[in-house]
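K.L.:
Below you will find the structure I want to go over with you.
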Amino acid sequence: MSQDFRLESVGLINRDKKLSFKFNGKKYFGYEGDTLASALLANGVHLVGRSFKYHRPRGFFGAGVDEPYAIVQLYRNNETEPNIKATEQELFEGLEAKSVNCWPSVNFDIGAINNFLKIFLPAGFYYKTFMWPKSFWYRIYEPFIRKAAGLGVASTKHDKERYEHKYEYCDLLIAGSGPSGLSSAYAAAKNGAKIILAEDKPRFGGSLLTDDVNIGNQSGKDWAEGIISELKTMPNVVVKNRSQIFGYYDHNMLVMSEKVSDHLPKTKKYHPNKRLWYIRAKEVLISSGSIERPIVFGNNDTPGVMLSSAAKEYLKVYGVLVGKNPLIFTNNDSGYETAIEFQKHGVQPMVLDSRKNPESEIIDEAKSLGINIKNSYVVVAAQGYKKVKSADIASISDDKKQLGKIENIKCDCICVSGFWTPSIHLASQSGNKTKFKEEIDAFVPGISKQQETTLGAANGVFSLEETLQTSFAKGRELSKKITDNDNEVNIPNVVEKKSSKHDKFWCVPLPAGKNYKRFLDFQNDVAVSDIEIALREGYRSIEHVKRYTTLGMATDQGKTSNLNGLQLVSEIENKVVPAVGHTTFRPPYTPISIGAIVGREVGKHSKPTRKSPMHAWHEKNNAVFVDAGVWLRPRYYKRGNENLFEGSKREAKNVRTNVGVCDVTTLGKIDIKGPDAAELLNRVYTNAWLKLPVGKARYGVMLREDGIVMDDGTTTRISENHYHMTTTTAQAANVLSHLEYYLQLVWPELNVNVVSTTEQWAGAAIAGPKSRDVLQKLFPNLDVSNEGLPFMGYMEGDLFGVKARIFRISFSGELAYEVNVESDNGNFMWEKIIEVGEDFKIQPYGTEALSTLRIEMGHVAGSELDGRTIPYDNALEGLVSKKKDFIGKRSLQRAAFTSDDRQRIVGVVPLDKKTSIPEGSHLVKDANAPLPNPKLGHISASCWSVEYDNPFSLAILKDGKNMIGEKLFVMSPLKNKVIPVEIVSSHYVDPKGERVRS
Amino acid sequence: MLYIKCPHCGMRPQIEFSYGGDASVKRPDLNKEISDKEWDDFVYNRKSLRGKHLELWQHISGCRQWIKVERDTATHEIFKTFKADEGVV
């Protein structure tokens, strides 16, 4: 198909580079510099999609971010992306796009039956209709509505594109590169301020690209180009196109989405698709301009009806005629500017002006060009289904209530201008309380709440001269405050045509006997009648009207609909618009890819991965890893075809019979130094710490102030004022913060310093009856006998030339030691242990065997210290000092914590000694009791006891103290299991704890 | 995202801090006999203030110091920040 609607040598596109693209499977051509919208229009394609609710044919309404409904599904580089505005998507070679919200095709859409049923689909239809029966919602109504509605389909594939985040700071952030943005940026840049100037479109200049004005004796467009090229050379200025500032957040932080690659067929190697900028600015200048607002009339959503500013932009920027027989419907002078452009390019438009006899330079020019103008005339309705074919027009009375005789005139597009609405979204998001400006029938920013200033059209100033003056002055003033420089900038002279006052007219009355849909919100299919229903049904607050009708919601955020909606409500309610107020503008201003928001923290980068210094050895020796917080730990070391159960059983068994070694580097470690260190430990742990001798370790439990166990671990006195604390892997960061809290805020008089040394030490636990033999071989010169290094003893040694710390502590319940060396020597230590341990049948063991060993010993861990248990619950009350005070002690007096039938840890064995018990199962008295069956407790951890060769679990059980020997049932509805069990002591193996002291 | 002045490091974004609750809460002295009510007030009971609030933050990804921040809970305006041991004026 040829580009029948493309003008010769008009516009800013690159005619040397022809591009092919596909829309709904059909091939077209456009040029570099086109948008998908302009290229389709050049080919005469107006039908792009179907509307959200009624599935009415929809075309292009705007030419950029203002577009409410030309939304397509984009296909690029074997990926697909929904919710793309055709007016913003730049054309590239091979682009493919499809219509959304239509099935089977945009030309024949079954959902369009809704349009003929529209009488049954008024505001609140879904709320009213799909209420009953309740069970129908999930099964029938919701899936049906979801299939029928929606604006595209998200890809289910992993997104291979890369999105980056960037943090930036600047003196002045300027949103928009139109006349006001350029002027303020230029003045501020001359004062040496650090500036970021952001433009959402590919081309800088804003309205200067399309307005027929003169600045400093050159065209507005040339002036803009000159300013931009000068700004680009300045080191203190960052100029960004394709970059939308979409959110204004607290403390002057704004977020900008930069489209780095969307205009290319494929993202370049090492480039991101989009870059999200978090910008903290000292001052923000909002120069976001204004959006033309429509006049509401019958069938005003027919493809071919569009904003007059959009028609002008398609013509001047892209050299595209949106029609060859245009009808222009306006209540102000902007429509004439579009008419003049048509006329100048050989197309005769007709202008309908709702005003009686307006006079201005612009109108004079239009008249002198011989344009056909009808005053006090309006479009009553557009005619045509998939494209405008004609318009019903009529004269209108001075009070705008009575229509004259309706005539039908042929036209192929209707360009509508209902005056201008400042884009106050960013200002409103900043917390600025907006105010209504009577002269322009629109809201403008009021008193600034943050460091923000709105300038130019966004502030309701439509005179170019005034915009340049205020913007140059503001840029200079704000930058001077920051840099102390005050360089004078000459404000160029401006030639612009003076315009006349607009007509306060926004909606054409319905002619007698006609029931045309007159749309307010094009994206959400909200018509005048919907608002009327909402008000009739008693909705008064504009926020409620919005939610009931969906006016101004979704991705459009009311860009073209907001004010007309308010006008209607105020008219029906007989209130003034400011009394009605406007709804809240929410970020993002325009849709932003989820990928851009997420950034690079996806997949394995969603959290950091921590590895011990011995990781490579584990990998080499077939370790199967498990996530332990952000750490990767060996779960078991696979031999042959072993599964987890077999492998961990072998490893645990070897610890009980010979000796095993486990990587315990991940344990949290905190170095504590200072004369008051013992006093600190005495206050944070429940047991006594003042008399711990140098060279000894002690097990301790710390509580939160509410009496709940926070963490446990051993702390060793290395020297007089030096302690080494260990925490659980999971709580390491919290414990450090906890200690810092008390030291800095509660007891600043304590002279103690704490610092994390988790990453400074590599740790290996050597456990089993033969562990002393291994240790002796590692440290041949040390006395590691039971007398030389008793249980809970500590010494330092030389491990083949490497400094080592040796702790005789045990988690497995066996005779065991922990050896720590500086992290860099971790692998050396590990290999030495394996090497010397060979004679004693040493095997490495992973976290699964580690769990088995601790569970059958009744040692508590994270699954029991789960943020809901007190020391008693874990059989740790013997460690709670009665003599001294400590964090959380007072809470232990609470009635619930001291009750006779308080929950307590117990052991659980299945009666058949075979059935494994799922963790998290409930314990009940009677398996057949009616639901809800009273829960007596829960299984916290399960293992296969290698000592007894049968399943064993730990449980937190109500009145656990008196339950030993009871027969209960374990119930797991999730696994559909009911298991008869016996309650036993939690100390299933070696209840007297003799092995650790052997 | 808030922009908080750490009295030790200067202006830093919120992501470097973690929130620590009401700074006006004072822990009862150790070994002091106190009523259940007093203890509950210390452990659990907090005013959910609208407006000016003195709160604790820790510069957890920075100097690790606990600081006091005077902030408006409705507008997020930060009036002043203090070191842990600084008297609040």
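Each value in this text was obtained by applying a stated rule to the coordinates, not by laboratory testing. All of these numbers come straight from a predicted model, not from anything done at the bench. Virtual Cβ from ideal backbone geometry, glycine too; neighbours counted across all protein chains shown.
K.L.:
Within the P(r) computed for the stretch A:486-543, what percentage of the Cα pairs occupies the region above 12 Å?
P.N.:
Roughly 81 percent, once rounded to a whole number.
K.L.:
Rounded to the nearest 0.05, what FRET efficiency do A:E477 and A:V626 give with R0 = 51 Å and r taken as the Cβ-Cβ distance? Could you check?
P.N.:
0.25
K.L.:
Same structure, new question: Taking each pair of different alpha-carbon atoms in the stretch A:464-506 once, compute 1/r for the pair, average those values, and report the inverse of that mean as the Kirkwood hydrodynamic radius in Å to one decimal.
P.N.:
12.8 Å
K.L.:
Taking the simple approach of a point 7 Å from Cα along Cα-to-Cβ for both A:E543 and A:E877, what is their distance in nm?
P.N.:
About 5.2 nm separates the two model spin labels.
K.L.:
Still on this structure, I have one more. Using only Cα atoms, find the angle between the long axis of helix A:847-857 and the longest principal axis of chain A, and express it within 0 to 90 degrees, rounded to the nearest 10.
P.N.:
50 degrees
K.L.:
Find the centroid of the Cα atoms in the stretch A:524-561 and in the stretch A:921-978, then give the distance between the two in whole Å.
P.N.:
56 Å
K.L.:
Which whole number of Å³ per residue matches the convex hull of the alpha-carbon atoms in the protein assembly as shown?
P.N.:
With only Cα atoms used, the protein assembly as shown gives 220 Å³ per residue.
K.L.:
Show me A:463-473, A:971-981, A:178-188 ranked by packing, highest mean number of other Cβ atoms within 10 Å first.
P.N.:
A:178-188, A:463-473, A:971-981
K.L.:
In this model, which of A:K356/A:K400; A:K367/A:K387; A:K884/B:K32; B:K5/B:K80 are farther than 18 Å apart at the alpha-carbon?
P.N.:
Distance filter (> 18 Å) returns A:K367/A:K387.
K.L.:
Helix-derived [θ] at 222 nm for chain A: sum -39500 (n - 2.57) over DSSP H runs of at least 4, divide by residue count, nearest 500?
P.N.:
Calculated at 222 nm, the ellipticity per residue is -6000 deg cm²/dmol.
K.L.:
Mind checking the alpha-carbon convex hull of the stretch A:646-702 and giving the volume per residue in Å³?
P.N.:
144 Å³
K.L.:
Can you tell me what the convex hull of the Cα atoms of the stretch A:827-980 projects to on average, as an area in nm²?
P.N.:
Hull-based average projected area comes out at 13.2 nm².
K.L.:
If I model a spin label as a point 7 Å beyond the Cα along the Cα-Cβ vector, how far apart are those points for B:R50 and A:N753 in nm?
P.N.:
If labels sit at B:R50 and A:N753, their model points lie 4.7 nm apart.
K.L.:
Percent antiparallel among DSSP beta bridges with both residues in the stretch A:852-992, to the nearest 5?
P.N.:
Around 100 percent antiparallel, to the nearest 5.
K.L.:
Assuming a ≥ b ≥ c are the square roots of the Cα gyration tensor eigenvalues, decide whether the stretch A:176-289 counts as rounded (a/c under 1.5), prolate (otherwise, with a/b larger than b/c) or oblate.
P.N.:
Oblate is the answer for the stretch A:176-289, as a/c is 1.5 or above yet b/c matches or exceeds a/b.
K.L.:
With the dipole of chain A worked out from charges on the C-beta (+1 for Lys and Arg, -1 for Asp and Glu) around the Cα centre, which of A:A394, A:S737, A:N459 lies farthest toward the positive end?
P.N.:
Towards the positive end, the residue furthest out is A:A394.
K.L.:
Where the eigenvalues come from the Cα gyration tensor of the stretch A:9-105, what are the semi-axes √(5λ) of the equivalent ellipsoid, largest first, in whole Å?
P.N.:
Result for the stretch A:9-105: semi-axes of 22, 15, 11 Å.
K.L.:
Then there's this: Roughly how tilted is helix A:732-741, in degrees to the nearest 10 and between 0 and 90, from the longest Cα axis of chain A?
P.N.:
Taking Cα atoms only, the helix is inclined about 90 degrees.
K.L.:
Hey, got the average number of other protein chain Cβ atoms within 10 angstrom for residues in A:247-256?
P.N.:
Other-chain Cβ atoms within 10 Å of each residue's Cβ, averaged: 3.
K.L.:
Using only the Cα atoms, work out Rg/Rh for the stretch A:565-638, with Rh taken as the Kirkwood radius, to two decimals.
P.N.:
1.57
K.L.:
Compute the Kirkwood hydrodynamic radius of the stretch A:392-544, taking the inverse of the mean of 1/r over all pairs of distinct Cα atoms, and give it in Å to one decimal.
P.N.:
19.9 Å is the Kirkwood radius here.
K.L.:
Here's a follow-up. If you average the alpha carbon positions of the stretch B:66-89 and of the stretch A:162-185, how far apart do those two centres end up, in angstrom?
P.N.:
If we compute the Cα centre of each part, the gap is 31 Å.
K.L.:
Quick check for me: using +1 on Lys/Arg Cβ and -1 on Asp/Glu Cβ, what's the dipole size of the protein assembly as shown about its Cα centre, in debye to the nearest 20?
P.N.:
So the dipole magnitude of the protein assembly as shown works out to roughly 2000 debye.
K.L.:
Which distance in Å, rounded to a whole number, links the C-alpha centroids of the stretch A:786-851 and the stretch A:39-57?
P.N.:
Cα centres, the stretch A:786-851 to the stretch A:39-57: 73 Å.
K.L.:
When DSSP assigns beta bridges and you keep just the ones with both residues in chain A, what percent turn out antiparallel, to the nearest 5?
P.N.:
Counting only bridges with both partners in chain A, antiparallel ones make up about 75 percent.
K.L.:
Let me ask something else about it. At 20 °C and a viscosity of 1.002 mPa s, what translational diffusion coefficient does Stokes-Einstein give for the stretch A:518-586, taking Rh as the Kirkwood radius over Cα pairs? Give it in µm²/s as a whole number.
P.N.:
186 µm²/s
K.L.:
Among A:P326, A:S612, A:S428, whose Cα sits farthest toward the positive end of the charge dipole of chain A (+1 at Cβ of Lys/Arg, -1 at Cβ of Asp/Glu, about the Cα centre)?
P.N.:
Looking along the dipole axis, the top candidate is A:P326.
K.L.:
In percent, what relative contact order does chain A have, based on Cα pairs under 8 Å that are 6 or more apart in sequence?
P.N.:
Once normalised by length, the contact order is 9 percent.
K.L.:
As a quick test, which of the pairs A:K240/A:K266; A:K26/A:K374; A:K517/A:K575; A:K620/A:K669; A:K85/A:K481; A:K559/B:K47 have an alpha carbon distance above 30 angstrom in this structure?
P.N.:
Over 30 Å apart, Cα to Cα: A:K26/A:K374; A:K85/A:K481; A:K559/B:K47.
K.L.:
Now for a separate question. What would the Debye formula give as log10 I(q)/I(0) at q = 0.21, 0.23 Å⁻¹ for the alpha-carbon point model of chain B, no solvent?
P.N.:
Once normalised to I(0) and log-transformed, intensities are -1.01, -1.13.
K.L.:
Considering only the other residues whose Cβ falls under 11 Å of the Cβ of A:K190, what net charge follows from Lys and Arg at +1 and Asp and Glu at -1?
P.N.:
It works out to a net charge of -1.
K.L.:
Can you pull out the GluC sites (Glu not before Pro) in the stretch A:1-81 whose DSSP state is coil and whose Cβ has at most 14 other Cβ atoms within 10 Å?
P.N.:
Sparse-neighbourhood loop GluC sites (Glu not before Pro): A:E8.
K.L.:
Right, another one. For A:R704 and A:S500, what is the calculated FRET efficiency with R₀ set at 60 Å and r taken between the beta-carbons, to the nearest 0.05?
P.N.:
For R0 = 60 Å, the calculated efficiency reads 0.25.
K.L.:
If I take every Cα pair under 8 Å that is 6 or more residues apart in chain B, average their sequence separation and divide by the length, what percent do I get for the relative contact order?
P.N.:
Here the relative contact order equals 28 percent.
K.L.:
Report the dimensions of the stretch A:355-412 along its three principal axes from the alpha-carbon atoms, largest first, rounded to Å.
P.N.:
For the stretch A:355-412, the Cα spread along each principal axis is 37, 28, 14 Å.
K.L.:
Further, regarding this structure: Could you compute the net charge surrounding A:R656? Neighbours are other residues with a C-beta less than 15 Å from the C-beta of A:R656; K and R count +1, D and E count -1.
P.N.:
Neighbour charge sum, excluding A:R656 itself: -1.
K.L.:
I'd like the mean, over residues of A:737-750, of how many other protein chain beta carbons sit within 10 Å of each residue's own Cβ.
P.N.:
4
K.L.:
Let me ask something additional. In percent, what relative contact order does the stretch A:518-586 have, based on Cα pairs under 8 Å that are 6 or more apart in sequence?
P.N.:
Here the relative contact order equals 32 percent.
K.L.:
Then there is this: Answer rounded, prolate or oblate for the stretch A:898-998, using the Cα gyration tensor with square roots of eigenvalues a ≥ b ≥ c: rounded when a/c is under 1.5, else prolate when a/b is larger than b/c, else oblate.
P.N.:
Oblate, because a/c is 1.5 or more while a/b does not exceed b/c.
K.L.:
A further question on this structure: Counting only other residues whose beta carbon sits under 14 Å from that of A:V388, what net charge do I get with K and R as +1, D and E as -1?
P.N.:
+4
K.L.:
Take every residue in peptide A:892-900, count the Cβ atoms of other chains within 10 Å of its Cβ, and give the average of those counts.
P.N.:
1
K.L.:
Please give me, ordered by residue number, the trypsin sites (Lys or Arg not before Pro) of the stretch B:1-80 that lie in loop per DSSP and have at most 13 other Cβ atoms within 10 Å.
P.N.:
Within the stretch B:1-80, the qualifying trypsin sites (Lys or Arg not before Pro) (loop, at most 13 other Cβ atoms within 10 Å) are B:K26, B:K32, B:R46, B:K47, B:R50.
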